[in-house]
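As structure tokens, the structure follows; a few thoughts come after it.
The values are calculated or read from the model by the stated rules, or taken from the named source; none is laboratory data. Everything numeric in this text was worked out from a predicted model, so none of it was measured. Glycine gets a Cβ as well: all are built from the backbone with ideal geometry, and neighbour counts include every protein chain shown.
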Amino acid sequence: MQGDYFVKIEQYKLQAIRMDSIRSYLGMGIKKFIGFQAFELTYLGVLAVLPFILVQPFIAKTILFVAFLIILNVVYQKLTFRRINTEEKYVFITGCDTGFGNAVARRLSGEGLSVFAGCYNPDGKGASQLRSEYSSIQIIKLDITDDNSVDQAFAEIEKKVKDKGLWALINNAAVYGVGDVEFSPLDEYRLLAEVNLFGLVRVTKKFIPLIRKSKGRIVNVTSNKGRIGIPSNSAFCMTKYGQEGFTDALRMEMKKFGVKVITVEPGNFTGSTAMLSKNKLPTYETELEKMWQSSPQEVKQTYGRTYVDGMIKSIADYSSKSSNSIAAVVDTIEMSVISQNPKQRYLVDGSSSLVDQDNVSQIYII
């Protein structure tokens with residue numbers, strides 16, 4: 001009886017410690033907490049289940065082993081990271097008008113790299129801010145769907161880098177599209193394929209010679225939707241699957257030249273970029289309305305008007321669940337550029353929830 005009493009006292013003490021530790025992190029977002037406090041999270045997890053595992057040795061060993069692996073991985077990543085010398089290294093980024101591209105251009109410029117920022121509208125707000133705020137960023141007018149535009153960008157960059165070559169090409173430019181297969185016209189598929197898929201191929205083929213010179217790397221920003229199909233996203237998913245296949249094949253082809261080819265797969269960041277921001281939602285609502293109006297009568301009768309209204313609502317809901325910051329993607333692209341030994345593929349967790357459901361689904365696919 002006395003022994004039980006002291007066990008209960010120790011349990012209460014442990015519970016008090018847990019509560020104090022948790023209170024100290026109340027001001028921190030849960031995802032940031034998990035991302036940057038791996039050691040503390042593991043420690044709290046062990047404390048939380050300690051009373052239970054004391055009577056379950058097998059479970060205790062399993063949990064402690066997993067905790068050990070988590071800590072070991074964090075330590076290994078920190079100890080093995082080797083940074084490149086960024087002096088006199090050049091990077092070309094597509095899609096720098098807004099979103100990931102604009103933010104990555106700023107980040108890499110701050111890291112000491114010379115950045116060529118490809119902008120569809122070189123006189124727009126995003127390009128103008130980059131031009132005025134960063135002397136190491138050069139704006140390049142670029143339409144990745146146009147051969148002449150890509151050729152001109154290549155000539156301008158080649159003249160600047162000369163024999164040094166280009167350290168990194170970051171294929172980031174992309175457009176988004178929504179709509180079920182039976183509502184989406186072929187022109188929608190062609191538009192997304194021309195930008196997202198053939199645009200990426202066009203730029204990559206043109207700039208490979210400059211990448212080979214430096215034995216640098218090609219970073220293709222795809223999507224988690226290049227690994228798992230999502231309803232009402234068939235056109236976008238199709239192009240992202242294509243990007244994934246192209247990138248995997250290119251990676252093997254470039255290995256003999258010492259060129260690294262890296263895939264960055266963002267999760268749900270649509271609401272924090274120009275793809276599905278609040279300002280963009282009315283545009284998609286208009287597009288879906290046009291799809292409905294131009295659909296065959298048989299399709300309208302089969303689905304009904306309420307189905308289209310539901311699509312509009314689901315898009316807004318998906319946007320609202322997006323991560324409210326693109327920092328994780330920017331961090332990952334930066335890592336893929338400045339690390340001496342980057343991973344072949346990075347899956348970046350998005351969403352405002354604790355877990356990006358689309359990314360979790362990929363675990364069973366990968």
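Results for (1) more than 22 Å from THR145 (Cβ to Cβ); (2) under 18 Å from the mean Cα position of the chain (by Cα); (3) of a type outside the set (Ser, Thr, Tyr), shown as yes or no for each residue.
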{"position": "VAL181", "(1), (2), (3)": "yes, no, yes"}
{"position": "ASP187", "(1), (2), (3)": "no, no, yes"}
{"position": "VAL201", "(1), (2), (3)": "no, no, yes"}
{"position": "ARG217", "(1), (2), (3)": "yes, yes, yes"}
{"position": "LYS225", "(1), (2), (3)": "no, yes, yes"}
{"position": "ASN233", "(1), (2), (3)": "no, yes, yes"}
{"position": "CYS237", "(1), (2), (3)": "no, yes, yes"}
{"position": "GLY242", "(1), (2), (3)": "no, yes, yes"}
{"position": "LYS256", "(1), (2), (3)": "yes, no, yes"}
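All but one of (1) surrounded by 15 or more Cβ atoms within 10 Å (Cβ to Cβ); (2) assigned to a helix (DSSP H, G or I) hold for MET252, so report the exception by its number.
Answer for MET252: the failing condition is (1).
May I ask you to say which residue of LYS280, LYS256, LYS290, LYS313 is at pLDDT 95 or above and either in contact with a helix residue (DSSP H, G or I) (Cβ under 6 Å, 6 or more places away or on another chain) or not acidic (Asp, Glu) (or both)?
On the way: LYS280 fails: at pLDDT 95 or above; LYS290 fails: at pLDDT 95 or above; LYS313 fails: at pLDDT 95 or above.
Exactly one residue qualifies, and that residue is LYS256.
Would you pick out the residues in segment 108-130 that are of a type in the set (Gly, Ala, Ser) and under 22 Å from LYS162 (Cβ atoms)? Before the answer, list the steps.
Looking only at segment 108-130, we keep the residues that are of a type in the set (Gly, Ala, Ser), and these are 109-110, 112, 114, 117-118, 124, 126-128.
Residues satisfying the conditions are SER109, GLY112, SER114, ALA117, GLY118.
From the list SER214, SER232, SER295, SER272, pick out the single residue that is crowded, with 17+ Cβ neighbours inside 10 Å and on the phi > 0 side of the Ramachandran plot.
Values: SER214 fails: on the phi > 0 side of the Ramachandran plot; SER295 fails: on the phi > 0 side of the Ramachandran plot; SER272 fails: on the phi > 0 side of the Ramachandran plot.
The conditions single out SER232.
Results for (1) over 22 Å from GLU88 (Cα atoms); (2) among the charged types (D, E, K, R); (3) within 21 Å of the chain's Cα centre (by Cα), shown as yes or no for each residue.
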{"residue": "GLY101", "(1), (2), (3)": "no, no, yes"}
{"residue": "VAL104", "(1), (2), (3)": "no, no, yes"}
{"residue": "SER114", "(1), (2), (3)": "no, no, no"}
{"residue": "GLY126", "(1), (2), (3)": "yes, no, yes"}
{"residue": "ARG131", "(1), (2), (3)": "no, yes, no"}
{"residue": "GLN138", "(1), (2), (3)": "no, no, no"}
{"residue": "ALA155", "(1), (2), (3)": "no, no, no"}
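List pairs: first in segment 227-246 and in a helix (DSSP H, G or I), second among the β-branched types (Val, Ile, Thr) and modelled with pLDDT of 95 or more, Cβ under 6 Å, 6+ apart or cross-chain?
Listed pairs, sorted by first residue: SER234/VAL181; LYS240/THR222; GLN243/THR222; GLU244/THR222.
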